[in-house]
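Below: one structure, written as structure tokens.
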Amino acid sequence: MTISSLSKSFGQFSLHIPHLQMPADQIYGLIGPNGCGKSTLASLLAGLLPPDSGTINHDGLGQKDMTLVPQKPYLMRDTVLANLIYPLKVRKLKPNAAEIDHYLKLAGLQNLRHEYAPKLSSGEAQKLALIRAMVFSPRLIFVDETFSNMDMESQANFENYILESQQKRPITWVIISHQLSTIKRICDYVFYMKDGRIEEEGKACAIFANPKTASLKRYLAFMGN
């Protein structure tokens, strides 16, 4: 994925990314303080928000090949199972019972498959939203603070699953999170945003071990890194 001269403005906020590259099949972290434009950038990259100007090249991927898991997941007024298989239905793919069971077990929702999804807890809702994004085997997934309300065991299960899956069938992940421990554990490359700009980027190990800008140093110190 390549971005050129991307811009978007909302009132007093302005996002501007002159150039950005995300080679396929890696796990990217997008970090930065609240209001810096992380979610806006993800929505632009996922095709859910039109840019004011600039171009986004998805390397041949179409809308059906990507998905975004928002910070506040939207669940249909239906069962857990109906929510999970919805992306398959809209893409005219036949649900595979074994795979459905696999994802429900991964999320710890196997005993809730017939429950009314909007009544799930916030953590359960986030887990359902994540497996719903994964079930149709997309090539590009954007995840916006999806781990924030999960218990530690569930979070660890998903992190391990993502890392193991990358060894078998790598895809591109873009993970927005204030949980820097997650970013450290699973991301290959990290972008740090501030005031609608990419202020620093680099391999995850380098970003955390040797931040270059004063702003990133302050951010990492504040976040307890």
- Note on the structure: Given the conditions (1) more than 18 Å from the chain's Cα centre (by Cα); (2) under 28 Å from F10 (Cα atoms), every one holds for F208 apart from (2)
- All-but-one check, P87 against (1) closer than 30 Å to S5 by Cα; (2) crowded, with 16+ Cβ neighbours inside 10 Å; (3) in contact with a Ser or Thr (Cβ under 8 Å, 6 or more places away or on another chain), failing number (1)
- Query: Hey, among L180, L163, which residue is under 29 Å from A129 (Cα atoms), among the hydrophobic types (A, V, I, L, M, F, W, C) and surrounded by fewer than 16 Cβ atoms within 10 Å (Cβ to Cβ)?
  - Reply: L163
- Among the numbered conditions (1) touching a helix residue (DSSP H, G or I) at 6+ places or on another chain (Cβ under 7 Å); (2) modelled with pLDDT under 95, tell me where M193 comes up short. (2)
- When you go through (1) surrounded by fewer than 21 Cβ atoms within 10 Å (Cβ to Cβ); (2) in contact with a Phe, Trp or Tyr (Cβ under 7 Å, 6 or more places away or on another chain); (3) assigned to a helix (DSSP H, G or I) one by one for L130, which number turns out not to apply? (1)
- Those residues of segment 152-162 which are over 14 Å from P138 (Cβ atoms) and touching a residue at least 40 places away in the same chain (Cβ under 8 Å) amount to S154, N157, F158, Y161
- Look at F142 and say whether it is buried (at least 17 other Cβ atoms within 10 Å of the Cβ), touching a residue at least 24 places away in the same chain (Cβ under 8 Å), in a strand (DSSP E or B) and in contact with a helix residue (DSSP H, G or I) (Cβ under 7 Å, 6 or more places away or on another chain). yes
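The values are calculated or read from the model by the stated rules, or taken from the named source; none is laboratory data. Computed from a prediction, not measured in an experiment: that's the story for all the values here. As a convention, Cβ positions derive from the backbone with ideal geometry for all residues, glycine included, and neighbour counts pool all protein chains shown.
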